[in-house]
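Here's the structure, in structure tokens; my notes come after.
The values are calculated or read from the model by the stated rules, or taken from the named source; none is laboratory data. All values derive from a computational prediction rather than experimental measurement. A quick note on method: Cβ atoms are made from the backbone with ideal geometry, for glycine too, and the neighbour counts reach across all protein chains shown.
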Amino acid sequence: MTRGKAGTRGPGYDALMPILRTLLTGLPLVALPAMAADGTPVPTGITGIGPSAFVFTVAGALLATLLFRALTRRATDAAGRLLGRWRIRRTLRAHGRHVLHDAILPGAYGGLARIDHALLTTGGLLCIRAVHGHGKVTGGQDDAQWAYVDGARRGRFLNPLIQNEGRVRALRKVLGDTPVLNLVVFTGTVEFGGTPPANVITIGRLAERVARHAAAPRAVDDIDTAWSRLLDARLTSEDARKDFAAQISFS
């Protein structure tokens, strides 16, 4: 596996993940020929138990495969989500010291808002919504829902740009004149059906986007004051976490 710039990996990394998922989810079927070989017919009078044993062996292997795939998919998705967050954190750390992760703020119109990741530079604040997934994603900037296709799985999910816009507005309420930019980053092995909106990228392009943001013309006169206002607005108590969790479960 090769390494590129901070926050990125070589093409071998993104190619390896779908192969690993396929191998892990198919392990029970790999063992099927050996299991079936034990089903040699054994006559027992009127009928033999061999064919029945073979059928049950095949059925058991298929059932085990389905269960194993479900468990493996959950495990690999959880691991991939953690890895994606780590890569985002590493990339942001490489481009500035004013970095925030998993922060809860008062919502712009009531309630609470949770910021996945944020980076404050002299060019403004980058508010990042991290979305983990696999397969082909389609959706427009103003669509209420987007769609995905991952092998036999397909479904819809809320437009992450619209979701993140609520967080952006909460940040603007705190920071006043400081520019706040909306950016959605997909982790996992994702491809877009058509051209995605300009502020939607895969994690492989994050380092380039962050570097461009950090090099943008100065838009924040006093970055330390803006940073202090952001930190002071955070809700760090355990009660705030519980209230946010209750808000999510209610909606």
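Considering (1) within 28 Å of Thr76 (Cα to Cα); (2) aromatic (Phe, Trp, Tyr); (3) crowded, with 16+ Cβ neighbours inside 10 Å, the lone condition that Phe157 does not fulfil carries the number (3).
More than 23 Å from Leu235 (Cβ to Cβ) and assigned to a helix (DSSP H, G or I) - does that describe any residue in the stretch 92-105? Yes, the stretch 92-105 has at least one match.
Condition check ((1) farther than 30 Å from Arg241 by Cα; (2) within 18 Å of the chain's Cα centre (by Cα); (3) modelled with pLDDT of 95 or more) across all residues:
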residue: Val42; (1), (2), (3): yes, no, no
residue: Ala59; (1), (2), (3): yes, no, no
residue: Arg69; (1), (2), (3): yes, no, no
residue: Ala79; (1), (2), (3): no, yes, no
residue: Asp102; (1), (2), (3): no, yes, yes
residue: Arg114; (1), (2), (3): no, yes, yes
residue: His134; (1), (2), (3): no, yes, no
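With a requirement of 3 or more residues that are out of contact with any Leu (no Cβ under 8 Å at 6 or more places or on another chain) and touching a residue at least 24 places away in the same chain (Cβ under 8 Å), the helices (runs of 4 or more DSSP H) lying completely within the stretch 141-233 that satisfy it span 160-175, 206-214. Considering the conditions (1) crowded, with 17+ Cβ neighbours inside 10 Å; (2) touching a residue at least 60 places away in the same chain (Cβ under 8 Å); (3) touching a strand residue (DSSP E or B) at 6+ places or on another chain (Cβ under 7 Å), Leu120 is excluded by exactly one of them, (3). Among the residues of the stretch 234-251, the one identified as free of Cβ contacts under 8 Å to residues at least 12 places away in the same chain and basic (Lys, Arg) is Lys242.
Taken together, the residues in the stretch 188-219 that are in contact with a Pro (Cβ under 8 Å, 6 or more places away or on another chain) and under 17 Å from Leu171 (Cβ atoms) amount to 1.
Which one is modelled with the lowest pLDDT, of the residues in the stretch 184-198 that are surrounded by fewer than 17 Cβ atoms within 10 Å (Cβ to Cβ) and in contact with a strand residue (DSSP E or B) (Cβ under 7 Å, 6 or more places away or on another chain)? Selected residue: Gly194. Filtering the stretch 200-246 to residues that are exposed (fewer than 15 other Cβ atoms within 10 Å of the Cβ) and under 29 Å from His134 (Cα atoms) leaves Arg205, Glu208, Arg212, Ala245, Ala246.
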